[in-house]
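Read the structure below first, then the notes.
The values are calculated or read from the model by the stated rules, or taken from the named source; none is laboratory data. Keep in mind it's a predicted model, so treat the numbers as computed, not measured. Counting neighbours? That spans all protein chains shown, and the Cβs are built from the backbone with ideal geometry, glycine included.
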Amino acid sequence: MNWKDIASTVGNIAGSVAPLLGGPVGLAVSIGSQIAGAIGTDNSPEAVAAALKKDPNAALKLQEWAAQEREQIRQSHVELQKIAMEEYKAELQDRQQARIIHKDHWMPSAITIFLLVMLAAQMAVLFYMPIPPENRDLLVYLSGNFLPFVSAAVYYWVSSTKDASEREKNLSMGGTTKAATTQQK
């Protein structure tokens, strides 16, 4: 007898555990040994099956163990979500701080202009110069990898974050009176 053979017996008592016993051998053996430990029997499918059939307390212990495992998995999932959220917040804060520090710097506009000039040159080469057949794949690869950079640079200028920083800049430079008069009308 193996752990898969008792999956249906265990499934009648703790349904969420049964698929794990029917899974890969290493997982089934691990879950099986945890079940055996939870109900207090030998670490064998035969002993677990016998205990579940003879002892109603074993079934109760199995249900309690399954509930504890589900709760532990939920708690772990919540903790992982919190960690992911904290990492995301730290990344956003880092990005915001970089934008605040460099908001009036010339480099973003210079990079955007440079990338757009390179894109125009690339398109001119594609349309007006013959391309050797052996270099077409390389050109497609390079073009495909270059376009996301151009898109990101353009997105920086047309995104809502840039609009928000421009509004903030206008407000801090005396645009509040203009906004106030617009609202009064």
Within the range 58-73, is even one residue part of a helix (DSSP H, G or I), surrounded by 11 or more Cβ atoms within 10 Å (Cβ to Cβ) and either aromatic (F, W, Y) or in contact with a His (Cβ under 8 Å, 6 or more places away or on another chain) (or both)? yes
If you take the residues of the range 13-57 that are part of a helix (DSSP H, G or I) and among the charged types (D, E, K, R), which of them is surrounded by the fewest Cβ atoms within 10 Å (Cβ to Cβ)? K54
Take P45 and tell me if it is in contact with a His (Cβ under 9 Å, 6 or more places away or on another chain) and not small (G, A, S). no
Taking the criterion of being assigned to a loop (DSSP other than H, G, I, E, B), loosely packed, with under 15 Cβ neighbours inside 10 Å and in the same structural domain as S8 (by TED's automatic domain parsing), would at least one residue in the range 74-92 satisfy it? no
When you scan the range 139-146, do you find a residue that is β-branched (V, I, T), in contact with a Phe, Trp or Tyr (Cβ under 7 Å, 6 or more places away or on another chain), part of a helix (DSSP H, G or I) and not assigned by TED's automatic domain parsing to the domain that holds G22, even just one? no
Test K82 against the stated conditions and say whether it is farther than 30 Å from G11 by Cα and either at pLDDT 90 or above or out of contact with any helix residue (DSSP H, G or I) (no Cβ under 7 Å at 6 or more places or on another chain) (or both). yes
